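Student: This structure is in C-alpha cells; I'll ask about it shortly.
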Amino acid sequence: MNATNTTSVRGDTEARRRGILDAAAAILDVGGYAALTIRSVAKEAGMSPGLIYQYFVDKRDIFAALLFESQQELTAFIAELPRDQGISALIAAIVPETTKQWARVGHVASVWRTTEDASNSDGQAVQDLRHSTEAQFAELRTALEDAAGAEGLSLREGPSLIPFVWAGLMGLADTIVNNWAQDLDPTEYIMYSADGLARAITH
C-alpha cells in the first residue's frame with residue numbers, strides 16, 4: 001500500500017470514528033444515555049452495527065470516548081488560562097468551558113457510571129478516560145496553585161480539595177444549563193460562586 005492509499009485509509013477511519021461519536025452525541029441530546037445503543041448509533045450514523053464494533057467495544061466505550069474528548073479539551077483550556085488575576089478570576093474563567101462539557105456529556109456521566117459499572121469495561125476509551133481524568137485534575141490543581149500564589153495565598157491541603165472544586169464547577173454548570181437561577185444575573189452568579197469556592201480552598 002503506497003503512502004497515498006495509507007493516508008486515505010487513515011482518513012476514512014478517522015471520519016467513520018468521528019461520525020460514530022457525532023451520532024452518539026446527537027442521540028444523547030435527545031434521549032439521554034438510555035437511548036444510546038449500538039443499533040441506534042448505527043442508524044443515526046448510517047452504518048451497520050458490525051462496523052460500529054470495529055471501532056468501539058460497546059456503548060460504554062462510545063460514551064467514554066465522548067467524555068474523553070471533552071476532558072482533553074477542558075484540560076487544554078485550563079492550561080492556557082492566565083493565573084495572574086488570582087484564584088477567583090481563574091475559577092470564573094473555567095466556568096464557560098465546564099458548562100460546555102456538562103451540556104454535552106457531563107450531565108449523563110453519572111448515569112453512565114451508575115448503570116454500566118464503567119470501571120469494569122475493557123474498552124480502550126474507558127482506559128484512556130481514567131488517565132484523562134487524572135491529567136485534568138492535575139492541570140486544575142496546578143492552575144489553582146499558581147493563581148493562589150499570585151495572591152500570596154496557599155491551597156488548603158487534603159485529597160478532597162480538587163473533587164470539592166470539581167463538584168462546585170459541575171454544580172454551577174448544571175444551574176446555568178438548566179437555568180435554575182433565572183432571576184439572577186449569570187455573570188454575577190458566576191463571580192459570587194467563584195469567590196466562594198476561592199475562599200473555601202485557600203488560606
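Student: Among the residues of the range 163-177, write down those that are among the small types (Gly, Ala, Ser) and either under 11 Å from ILE201 (Cβ atoms) or loosely packed, with under 13 Cβ neighbours inside 10 Å (or both).
Tutor: Here is the first cut: in the range 163-177, the residues among the small types (Gly, Ala, Ser) are 167-168, 171, 173.
Those that are among the small types (Gly, Ala, Ser) and either under 11 Å from ILE201 (Cβ atoms) or loosely packed, with under 13 Cβ neighbours inside 10 Å (or both): ALA167, GLY168.
Student: I've got another one for you. Condition test on TRP180, is it out of contact with any Pro (no Cβ under 6 Å at 6 or more places or on another chain), without any contact (Cβ under 8 Å) to a residue 40 or more places away in the chain and surrounded by 13 or more Cβ atoms within 10 Å (Cβ to Cβ)?
Tutor: On the way: out of contact with any Pro (no Cβ under 6 Å at 6 or more places or on another chain): yes; without any contact (Cβ under 8 Å) to a residue 40 or more places away in the chain: yes; surrounded by 13 or more Cβ atoms within 10 Å (Cβ to Cβ): no.
No; evaluated as a whole, the condition is false for this residue.
Student: Just checking, how many residues over the range 144-177 are closer than 15 Å to PRO96 by Cβ, among the hydrophobic types (A, V, I, L, M, F, W, C) and free of Cβ contacts under 8 Å to residues at least 60 places away in the same chain?
Tutor: 0
Student: Can I ask one more? Assess whether VAL57 counts as being within 23 Å of ASP128 (Cα to Cα) and modelled with pLDDT of 95 or more.
Tutor: Spelling it out, it is not the case that VAL57 is within 23 Å of ASP128 (Cα to Cα) and modelled with pLDDT of 95 or more.
Student: Checking ILE87 against (1) in contact with an Asp or Glu (Cβ under 7 Å, 6 or more places away or on another chain); (2) farther than 30 Å from PHE164 by Cα; (3) of a type in the set (A, V, I, L, M), only one condition comes out false. Which one?
Tutor: Going through (1) in contact with an Asp or Glu (Cβ under 7 Å, 6 or more places away or on another chain); (2) farther than 30 Å from PHE164 by Cα; (3) of a type in the set (A, V, I, L, M) one by one, ILE87 breaks only (2).
Student: I've got another one for you. What are the residue pairs meeting all of these: first residue in the range 20-42, first residue closer than 15 Å to ALA64 by Cα, second residue modelled with pLDDT under 90 and of a type in the set (S, T, N, Q), Cβ atoms under 8 Å, and 6 or more apart or on different chains?
Tutor: What qualifies is TYR33/THR115.
Student: Looking only at the range 170-193, count how many residues are small (Gly, Ala, Ser) and not in a helix (DSSP H, G or I).
Tutor: We begin by selecting, within the range 170-193, every residue small (Gly, Ala, Ser); these are 171, 173, 181, 193.
Adding the requirement that they be not in a helix (DSSP H, G or I) leaves 181.
Residues in the range 170-193 being small (Gly, Ala, Ser) and not in a helix (DSSP H, G or I): 1 in total.
Student: Tell me which residues, restricted to the range 24-60, are of a type outside the set (Phe, Trp, Tyr), under 15 Å from GLY106 (Cα atoms) and either open to solvent by 50 Å² or more (accessible area, probe 1.4 Å) or in a helix (DSSP H, G or I) (or both).
Tutor: Listed by number, the residues that qualify are ALA24, ALA25, ALA26, ILE27, LEU28, ASP29, VAL30, GLY31, ALA34, ARG60.
Student: Just checking, which of SER160, SER193, SER154 is open to solvent by 70 Å² or more (accessible area, probe 1.4 Å) and among the hydroxyl-bearing types (Ser, Thr, Tyr)?
Tutor: Residue meeting the stated conditions: SER160.
The values are calculated or read from the model by the stated rules, or taken from the named source; none is laboratory data. In this text, all values refer to a predicted model and were calculated from it rather than measured experimentally. Reconstructed Cβ throughout: ideal geometry from the backbone, glycine too, with neighbour counts over all protein chains shown. Side chains included, ligands, DNA and RNA excluded: accessible areas come from the protein's heavy atoms. Shrake-Rupley method; radii C 1.70, N 1.55, O 1.52, S 1.80 Å.
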